[in-house]
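What follows is a single structure, written as C-alpha cells, with notes after it.
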C-alpha cells in the first residue's frame, strides 16, 4: 500500500508551561503583599 | 489525587487567607488547559509562555487585592483573562506587524540583501580593473572624454568647455571610445560581466 507523504503526522505536543514560568509565578506570589491603609490598597513587591 | 478533592473555591479561599501552596495546586491543576487555550490562538511557544505568565500575574494581583468574587468559576475567570491578553497581543501586533517567516510567504523573497557577496565583489573588482586597463589603451583624446563622462560624471557641455572642443566633437570622441573598447573586448574575448 502506497504511503501518503503529503501530510505530516500530527505530533502529540506536550502543551505545558515551563517549570521556570511556574516557579516565577509562585515566587512572585510570595513576594507580593498588599498593604491596606485607610481604605486604600498598596501593592508591595519584596525581593 | 488528594489535591483533586479540594475544590478550586476552597483553594482560592485558602490562598487569599495566605496559603501559598494553594496557588501552586491551582496552577498545576489548570496549567495545561490554560496553556493549550493560549497556544491554540497564538501558535507560538514563547508568546504563549508570556501570556500564561501575564495571566497568572493578573490572577495573583486580583486575588490578593480581593477583587475576585468566588462563584465557583475560577477556571473560566482565568480563561477570560487569558483571552483578553491574547486579544491585546494581536492588537499590539497589528500596530507593529511582525514577519515570522514561517508561512509560505517569505519576506526575503521581496527583501534582498543588496550588498554583494565575497565572490561577486571580487569579480566586480576584477571587471573594473580590466576595464580600466582597456581604457588606458585608448587614444588620449577619446580616453579623456570617456573618463570625464563616466568616472567624473561631467556633462558633454562641461567636457567641451574643459577640453576646448565643441560638444559634437566630444560626443564623437565618446562614440569612438566606446566603439574601440567594444572592438578590443570582442577581439580578445574579454568577459566583462558579473
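What follows draws every value from the coordinates through simple rules; no lab data is involved. Note that the coordinates shown come from a computational prediction; the quantities given were computed from them, not determined experimentally. All Cβ positions, even for glycine, are placed from backbone atoms using ideal geometry, and neighbour counts span all protein chains on display.
Could you tell me the extents of chain B's C-alpha atoms along the three principal axes, largest first, rounded to whole Å?
That gives 101, 35, 26 Å along the principal axes, largest extent first.
Treating the angle as unsigned and between 0 and 90°, give the value, to the nearest 10°, between the Cα long axis of helix B:45-64 and the longest Cα principal axis of chain B.
With both axes taken from Cα atoms, the answer is about 40 degrees.
Arrange B:34, A:35 by Cβ neighbour counts within 10 Å, fewest through most, would you?
Starting with the residue having the fewest Cβ neighbours, the order is A:35, B:34.
Can you give the relative contact order of chain B as a percent, counting alpha carbon pairs under 8 Å and 6+ residues apart? All intermediate terms of the calculation are to be shown ahead of the outcome.
On the way: 104 pairs, mean separation 29.9, N = 194.
With pairs under 8 Å counted, the relative contact order is 15 percent.
Nearest 10 degrees is fine. How inclined is helix B:118-136 to the longest principal axis of chain B, computing both from alpha carbons?
20 degrees
Any idea what angle helix B:20-42 forms with the longest principal axis of chain B, computed on alpha-carbon atoms, 0 to 90 degrees, nearest 10?
So the helix axis and the longest Cα principal axis differ by about 40 degrees.
Which value, in Å to one decimal place, does the Kirkwood hydrodynamic radius take for segment B:141-194 when every pair of different Cα atoms is included?
Working: mean 1/r = 0.0855 Å⁻¹.
For segment B:141-194, the Kirkwood estimate is 11.7 Å.
Measure out, as a whole number of angstrom, how far apart the alpha-carbon centroids of segment B:149-168 and segment B:5-61 sit.
78 Å
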